[in-house]
Amino acid sequence: MTSTVSAYTDKIKEMSMLSLICSCFYTQPHPNSLYQYGDLEVKGLNKRASGQSFEVILKDPDQSGDKSQPQPLPSPPRREASLEELQRRLEAAEDRRKCQEALLLKQLAEKREHEQEVLQKAREENNIFSKKTEEKLTQKMEVNQENREAHLNALKQRLREKAIHAAEVRRNKELQADLSG
């Protein structure tokens, strides 16, 4: 009993004087304090300077008693499938599976064929590159060989010219030695 009295005194301390007087005259709650939206009920609790708090209550659909909402339609009765119907369905499923498998095999074959084409093209390009590189290398080697031979021939020619000049110088010295001596 003392807890009830203390709860009431705490409640009275929280309420404003105007609310206390109004609650004495009007025992019914204010119509704005309760809102109902279908199976949702909103109650305004206590209004303070910092704001207002609300209590939201969700009603159980079974307890609402609201018959205005349409009930879900019952599913049509399931008929028993005959052996022929089951066999036909199994055959259709097998056909679909085979069709999907054939489609998958076709896609894999096309992919494999494309990979082979790409590999063949890469081999051809590699062969062409190898041939061109070999031709360039052969041509370079030929040019180097020709340049080397030309250089060696030039050196031999200069050596011959030096030998001829040395022979002339010796003959001239001999002639001078014969004339002077």
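Scoring L73 on the criteria (1) of a type outside the set (D, E, K, R); (2) within 30 Å of E41 (Cβ to Cβ); (3) surrounded by 10 or more Cβ atoms within 10 Å (Cβ to Cβ) leaves a single failure, condition (3).
Quick grid of which residues meet (1) within 39 Å of the chain's Cα centre (by Cα); (2) surrounded by fewer than 10 Cβ atoms within 10 Å (Cβ to Cβ):
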| residue | (1), (2) |
| --- | --- |
| E84 | no, yes |
| Q87 | no, no |
| C99 | yes, no |
| L103 | yes, no |
| N126 | yes, no |
| T133 | no, no |
| M141 | no, no |
| R148 | no, no |
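Read the figures in this text as sums done on the coordinates, not as results from a lab. Computed from a prediction, not measured in an experiment: that's the story for all the values here. With ideal geometry, Cβ positions are generated from the backbone for all residues, glycine too; neighbour counts draw on all protein chains shown.
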